[in-house]
Amino acid sequence: MVHLGPKKPQARKGSMADVPKELMQQIENFEKIFTVPTETLQAVTKHFISELEKGLSKKGGNIPMIPGWVMDFPTGKESGDFLAIDLGGTNLRVVLVKLGGDRTFDTTQSKYRLPDAMRTTQNPDELWEFIADSLKAFIDEQFPQGISEPIPLGFTFSFPASQNKINEGILQRWTKGFDIPNIENHDVVPMLQKQITKRNIPIEVVALINDTTGTLVASYYTDPETKMGVIFGTGVNGAYYDVCSDIEKLQGKLSDDIPPSAPMAINCEYGSFDNEHVVLPRTKYDITIDEESPRPGQQTFEKMSSGYYLGEILRLALMDMQKQGFIFKNQDLSKFDKPFVMDTSYPARIEEDPFENLEDTDDLFQNEFGINTTVQERKLIRRLSELIGARAARLSVCGIAAICQKRGYKTGHIAADGSVYNRYPGFKEKAANALKDIYGWTQTSLDDYPIKIVPAEDGSGAGAAVIAALAQKRIAEGKSVGIIGA
Ligand code: BGC
């Protein structure tokens, strides 16, 4: 999600007094289906914990719980120059990271807009060529005299990718609307390395990293109170440190140099929570989103709560109202009747509209979709946006509560990043308060909550670099960074 509007004064909630009865009934119905009461959050959290456990078992479950082969806590003393690239959101990011060795770091970065068509290109080479070309452009700019020593690179690949070792990532399935053939079930590291080598750039991909693991480690590097790294962005996910002896599916696969008490970063991939549809309160719009997605049946939790989908949920609900004759009467909907034409910046901008009669929303529908709205219709649109945003915020913290309860954390910091967390109006407060509801905390200020969601350090830059540094150190010490024989 990009292009969120500038910050505006606190929006005033308009009165619903002038909304006709038939529209008011629709609003009340939306309130019923999109509101998530505390008891539901608690039931979701309880089921979440058992699903996390299943993911760690030999038999496995819906949640992949992928060991990320980061088996050390950063000390803050890691140092050196590293490159990092980040693929998985709206942009490709290339970063040069200088780790200071004193819990500090410097980054220099460039962002390359990922062409929309690249998400679904039929030619997988195009993706790797695009990344390697962007990397080359960055290197040429940063190192005009060329590179003398090879530079290690951490590749943040924000998709469910199985790892038998640190520099491997076998893509289980695409998420977030990506759908490129011949990459699923393959290791993406050699695909990228091949294109890098072809361009004669002296760079070695030493680690493959999930964005959540990067966030966890980057934040731990500066703040040892960090318990999890989470992303509320185009997708949703979280990572935390477990203990090797508690990861049943690794039994018999670890070499002797790894003690049972060794930590292991786990990329949960909990966007796939409740693919069996046991506990999440899905609406008919969630069902449509799923059925029309490139991967139906996958990422149930993510499809209800992440930035890739919030605008589309709003659009589907509005199309439904229009079809039933409640709104947009006699309007030309040709520009609006297109899947994903409204990204999550739309509900965000609508929620931020500061005017009593929702003038910004009026402009938005007129300018972008050629639709004239009445003020009553705009009140429905605004209320719906609030409900969809609040539902996302409330549901998305169930993953945090589940991990903290599973690990017995009573206090700590949850390092959060992502476009929804950083830019969706009111998200931070709603998420923090949902966590408070789950736990029944009595403190009144967010700053006093025992488990605090805090803005993360740069996971896919600094985090990738710290992980690359930790991996290199282990290798230099002759310690393993993968399962036996990998
Ligand atoms: C991916 C995760 C990622 C999350 C946030 C999900 O769609 O499967 O790997 O961490 O998005 O970017």
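Each reported figure results from applying straightforward, stated rules to the coordinates on display, with no laboratory input. If you're wondering where the values come from, they're calculated on a predicted model, not measured in any experiment. Glycine also receives a Cβ, built like all others from the backbone with ideal geometry; neighbour counts cover every protein chain displayed.
For this structure, a couple of remarks:
- Karplus-based coupling profile of the stretch 116-127, in residue order and whole Hz: 3, 5, 5, 4, 10, 4, 7, 10, x, 4, 4, 5, with θ = phi - 60° in 6.51 cos²θ - 1.76 cosθ + 1.60 and x standing for Gly or Pro.
- Shape analysis of the stretch 105-247 places it in the oblate category; the axes a ≥ b ≥ c from the Cα gyration tensor give an a/c of at least 1.5, with a/b not above b/c.
- DSSP beta bridges in the chain [antiparallel fraction, %, rounded to 5]: 60 percent
- Cα-based Rg and Dmax for the stretch 310-362, where Dmax is the largest Cα-Cα distance (Å): 11.6, 29
- Taking the Cα centre of the stretch 365-473 as origin and assigning +1 to Lys and Arg Cβ atoms and -1 to Asp and Glu Cβ atoms, the resulting dipole is close to 320 debye.
- Spread of Cα-to-Cα distances over 20 Å intervals beginning at zero, given as percent, for the chain: 24, 55, 20, 1
- By the count of neighbouring beta-carbon atoms within 10 Å, fewest first, GLU312, GLU351 end up ordered GLU351, GLU312.
- Along each principal axis, taking the top coordinate minus the bottom one, the Cα set of the stretch 397-486 gives 50, 30, 20 Å in descending order.
- Selection among ILE209, SER219, ILE183 by position relative to the dipole of the stretch 147-221 gives ILE183 as farthest towards the positive end (Cβ unit charges, Cα centre).
- This model, with +1 at the C-beta of Lys and Arg and -1 at the C-beta of Asp and Glu, gives the stretch 80-161 a dipole about its Cα centre of some 280 debye.
- For ASN275, distant residues with modelled amide H under 5 Å away: THR300
- 3J(HN,Hα) from dihedral phi, the stretch 457-474, Karplus parametrisation 6.51/-1.76/1.60, rounded to Hz, x for glycine, proline: 6, 5, x, 7, x, 4, x, 4, 5, 5, 5, 4, 5, 5, 5, 4, 5, 4
- Amide H partners (placed H, <5 Å) of VAL454, local residues excluded: ILE414, ALA415, ALA416
- Our summary gives the chain a relative contact order of 24 percent, counting only alpha carbon pairs under 8 angstrom and 6 or more residues apart.
- Vicinal HN-Hα couplings computed from phi for the stretch 65-80 (Karplus, 6.51 cos²θ - 1.76 cosθ + 1.60; Hz; Gly/Pro x): 6, 8, x, x, 6, 9, 10, 9, 7, x, 8, x, 9, 4, 8, x
- Spatially, the stretch 142-167 and the stretch 424-472 are offset by 26 Å when compared through their Cα centroids.
- Projecting the Cα atoms of ILE287, PRO354, LEU318 onto the dipole axis of the stretch 251-374, where Lys and Arg carry +1 and Asp and Glu carry -1 at the beta carbon, places ILE287 farthest toward the positive end.
- Pairs of Cα atoms nearer than 8 Å and 6+ residues apart set the relative contact order; for the stretch 272-356 it is 28 percent.
- For the stretch 68-170: Kirkwood Rh in Å [reciprocal of mean 1/r, alpha carbons]: 15.4 Å
- Set LYS165/LYS410; LYS176/LYS428; LYS452/LYS473 screened for pairs whose C-alpha atoms are more than 25 Å apart: LYS165/LYS410; LYS452/LYS473
- Working ranking of peptides 38-46, 298-306 by packing, defined as the average number of other Cβ atoms within 10 Å per residue, highest first, is 298-306, 38-46.
- Note on LYS253 and GLU141: their simple-model spin labels are 4.0 nm apart, each label 7 Å out from Cα toward Cβ.
- Cα-Cα separations in the stretch 62-105 greater than 17 Å, expressed as whole percent: 58 percent
- Descending principal axes extents, the stretch 238-300, alpha-carbon based, whole Å: 51, 21, 17
- 5 angstrom amide H check on ASN237, placed H, neighbours 5+ away: ILE231
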